[in-house]
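Working notes for the structure below.
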């Protein structure tokens, strides 16, 4: 018997595997970009993005408060903010449909503890 010489390689299974891997990467990247807590930010036309590490406070549409991704109550937030150095920057992401009272309660706590380096995140748009 003679060995047959390879004249071509079937690459279709290789392409199938690459497409599956590409799909997995794209789905994973979407989850990473969106973050853990879904919040629909309000729009602002006069804003710029900053790449400075900040402590994150998130307020959902239902009025739930999260500090660094962990759900907490206002009293717990009060005790946490008491221990924060006033030089730290605080970033607030409040859903545009959240009650104003939730945002005002958080801002009152920040003022109470002299945390004045606060920014409210918005989407840039027209």
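Being in contact with a helix residue (DSSP H, G or I) (Cβ under 8 Å, 6 or more places away or on another chain), surrounded by fewer than 16 Cβ atoms within 10 Å (Cβ to Cβ) and either part of a loop (DSSP other than H, G, I, E, B) or touching a residue at least 24 places away in the same chain (Cβ under 8 Å) (or both) is a property that does not hold for residue 97.
Table: residues versus (1) under 15 Å from the mean Cα position of the chain (by Cα); (2) over 19 Å from residue 121 (Cβ atoms).
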{"site": "66", "(1), (2)": "yes, no"}
{"site": "72", "(1), (2)": "no, no"}
{"site": "80", "(1), (2)": "no, yes"}
{"site": "84", "(1), (2)": "no, no"}
{"site": "97", "(1), (2)": "no, no"}
{"site": "100", "(1), (2)": "no, no"}
{"site": "104", "(1), (2)": "no, no"}
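Determine if the stretch 61-70 includes at least one residue that is out of contact with any strand residue (DSSP E or B) (no Cβ under 8 Å at 6 or more places or on another chain), surrounded by 11 or more Cβ atoms within 10 Å (Cβ to Cβ) and in contact (Cβ under 8 Å) with a residue 12 or more places away in the chain. Scanning the stretch 61-70, I find at least one residue that is out of contact with any strand residue (DSSP E or B) (no Cβ under 8 Å at 6 or more places or on another chain), surrounded by 11 or more Cβ atoms within 10 Å (Cβ to Cβ) and in contact (Cβ under 8 Å) with a residue 12 or more places away in the chain, so the answer is yes. For the stretch 79-94, filtering for residues that are surrounded by 15 or more Cβ atoms within 10 Å (Cβ to Cβ) and assigned to a helix (DSSP H, G or I) leaves 2.
Scan the stretch 100-114 for residues that are touching a helix residue (DSSP H, G or I) at 6+ places or on another chain (Cβ under 6 Å) and either over 13 Å from residue 59 (Cβ atoms) or loosely packed, with under 11 Cβ neighbours inside 10 Å (or both) and the total you get is 1. Here 56, 50, 76 are screened, and the one residue that is farther than 19 Å from residue 124 by Cβ and either modelled with pLDDT of 85 or more or assigned to a loop (DSSP other than H, G, I, E, B) (or both) is 76. Taken as a whole, the structure places residue 37 among residues that are surrounded by 10 or more Cβ atoms within 10 Å (Cβ to Cβ) and either modelled with pLDDT of 90 or more or in a loop (DSSP other than H, G, I, E, B) (or both).
The values are calculated or read from the model by the stated rules, or taken from the named source; none is laboratory data. In this text, all values refer to a predicted model and were calculated from it rather than measured experimentally. Virtual Cβ from ideal backbone geometry, glycine too; neighbours counted across all protein chains shown.
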